[in-house]
Amino acid sequence: MTENVSNVSKEHAMNIMNVDYSTKIPNNVNLSEDRQVLKALEGWHPGYMNWWGDMGPEGFQQSLVYLRTAYSVDPRGWAKFDYVKMPDYRWGILLAPQEENRVIPFGEHFGEPAWQEVPGEHRAMLRRLIVIQGDTEPASVEQQRHLGKTAPSLYDLRNLFQVNVEEGRHLWAMVYLLQKYFGRDGREEADDLLRRRSGDADSPRMLGAFNEATPDWLSFFMFTYFTDRDGKMQLHSLAQSGFDPLSRTCRFMLTEEAHHMFVGETGISRVVQRTCEAMKAAGISDPSDVAKVRALGVVDLPTIQKKLNLHYSLSLDLFGSEVSTNAANAFNAGVKGRFHETQIKDDHRLQNSTYPVLKLVNGEIKRVDEPALTALNMRLRDDYTQDCVKGLLRWNKIISTAGYDFKLTLPNVAFHRQIGEFKDIHATPDGVLIDDATWNKRKGEWLPSTDDGDFIASLMIPVTGVGEFASWISPPKVGIDNKPGDFEYVKIET
Ligand SMILES: [Fe+2]
Ligand SMILES: [Fe+2]
């Protein structure tokens, strides 16, 4: 008897681990027996394909791309690599396995069983959070739409497309939640996710950073390092949610997200590496001699710093206001937790605790203790900053190993902000408050200027030879799926 039971549950676990590819929409949520939701998703599918055709990668749609596709949600082995034409990619619905007896790990419902259905009282809040997360996914595909034309190698081209198809899958993940759990409103929201467009004047994407252009590959690497990392923090917080289907969805998305940030981190590493090598070979001792460095056909370190300043500050805005009652409400409700909530040693209710928040007090940036509940955005942003630092250490190691006295740094959180405490003031990257006139005079020292953009654009010449790389970027240390350096990651069909 016991044996039978354990066999049955083992089989059940296997079914969840492995993805069913027999339905039009691959899934591990038993869609073949959930006809209503399957129908809704199938109804949404043509609109998605139209969107992909209109707003997905420009060109290369008939090329064979060496992509990974999830076939399981087992963390020990979940993806298969193969040549796929992007429109044939199997975008599916994948949730991490259900944790037995999971309880809500924070807020007013702390310790109660996690919800398998949407609790009526928190329905509007949950829907809003899912829509906001969902909106970022197609937005980044739209932002990266033109980059294929200027890829520095087939390896990078493949990575771009991998990120793109997975962001598409993340949209599917959010649409599944909307269609399964939010009825008619959910279906309307799902349609709207295909209607908004990044940067569109009439119908923009919901968050600022997702309406900015990604004009070149350095921007792409900065975006995947800094902005996808905001995504990581948001997904971690939602993975703690008391609404179990959302938690499971986000947990699996995080598995894929790791690669996006890898693309960013190693991309920037390779640019820095190449710049240092070129400077050394040319006998340049001052990395701030921009004209000399640029003449070598590589991106000078000061320009890399400016790009970093831009993308980091835009990404900080994604965390919202430092002090926020919405964040407090979502936490109290058990809907959105903290980064690594279950590993934090406290009461997980935060009714009586405080958290230090950077604020503008009488014209000075000061730390002020605020109720921990309303300071949750600030806390998540601090966790994010800590996570960002790791890449900088690696990049700076490359620079110092090459013998150069130059350090990439994260700008002060008051620098170049459009949301929160510092949106109405100007500050230098060191956090010194300055007036409008000084800002206008000096901002070109800290943020990419039109000239900087033009210079970077001048380097963006596509390299499509097998195993070849553009002048401004080093080859990766290891190939994707352990492939050798001369592997043909994309078989280009024109
Ligand atoms: Fe994503
Ligand atoms: Fe991502």
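If the condition is being in a helix (DSSP H, G or I), more than 16 Å from ligand 2 (Cβ to nearest atom) and not hydrophobic (A, V, I, L, M, F, W, C), then the stretch 264-288 contributes 269, 270, 273, 274, 275, 277, 280. Annotation: residue 269 fulfils all but one of (1) within 16 Å of ligand 1 (Cβ to nearest atom); (2) modelled with pLDDT of 95 or more; the unmet one is (1). Of the candidates 261, 253, 233, 222, the single residue that is part of a helix (DSSP H, G or I), within 16 Å of ligand 2 (Cβ to nearest atom) and under 19 Å from residue 150 (Cβ atoms) is 222.
Taken as a whole, the condition of being surrounded by fewer than 12 Cβ atoms within 10 Å (Cβ to Cβ) and touching a strand residue (DSSP E or B) at 6+ places or on another chain (Cβ under 7 Å) applies to residue 111.
If you filter the stretch 468-485 down to residues that are closer than 13 Å to residue 158 by Cα and assigned to a helix (DSSP H, G or I), you find that the one that is most open to solvent (accessible area, probe 1.4 Å) is 481. Considering the conditions (1) touching a residue at least 40 places away in the same chain (Cβ under 8 Å); (2) under 29 Å from residue 311 (Cβ atoms); (3) out of contact with any Leu (no Cβ under 8 Å at 6 or more places or on another chain), residue 151 is excluded by exactly one of them, (3).
Filtering the stretch 157-176 to residues that are within 13 Å of ligand 1 (Cβ to nearest atom) and either under 30 Å from residue 473 (Cα atoms) or charged (D, E, K, R) (or both) leaves 162, 163, 164, 165, 166, 167, 168, 169, 170. The residues of the stretch 356-366 that are part of a strand (DSSP E or B) and either without any contact (Cβ under 8 Å) to a residue 12 or more places away in the chain or within 24 Å of residue 339 (Cα to Cα) (or both), listed by number, are 356, 357, 358, 359, 361, 366. Could you check the stretch 292-312 and list, in sequence order, the residues that are part of a loop (DSSP other than H, G, I, E, B) and surrounded by fewer than 22 Cβ atoms within 10 Å (Cβ to Cβ)? Scanning the stretch 292-312 gives 295, 296, 297. Pairs linking a residue in the stretch 251-269 that is on the phi < 0 side of the Ramachandran plot and open to solvent by less than 20 Å² (accessible area, probe 1.4 Å) to a residue that is away from ligand 2 (no atom under 13 Å from the Cβ) and of a type in the set (Gly, Ala, Ser), with Cβ atoms under 6 Å and 6 or more positions apart or on different chains, are 252/96.
Residue 209 fulfils the conditions (1) within 16 Å of ligand 1 (Cβ to nearest atom); (2) part of a helix (DSSP H, G or I); (3) at pLDDT 95 or above except for a single criterion, (3). No other residue among 341, 364 is under 22 Å from the mean Cα position of the chain (by Cα) and of a type in the set (Asp, Glu) apart from 341.
Across the stretch 48-105, the number of residues qualifying as touching a residue at least 24 places away in the same chain (Cβ under 8 Å), open to solvent by less than 30 Å² (accessible area, probe 1.4 Å) and aliphatic (A, V, I, L, M) comes to 10. If you go through the stretch 157-191 one residue at a time, how many are part of a helix (DSSP H, G or I), away from ligand 2 (no atom under 16 Å from the Cβ) and in contact (Cβ under 8 Å) with a residue 60 or more places away in the chain? Final tally of qualifying residues: 11.
The values are calculated or read from the model by the stated rules, or taken from the named source; none is laboratory data. Note that the coordinates shown come from a computational prediction; the quantities given were computed from them, not determined experimentally. Ideal geometry is used to build each Cβ from the backbone, glycine not excepted, and the neighbour counts take in all protein chains shown. The area values use the complete protein model at the heavy-atom level, side chains included, leaving out ligands, DNA and RNA. Shrake-Rupley method; radii C 1.70, N 1.55, O 1.52, S 1.80 Å.
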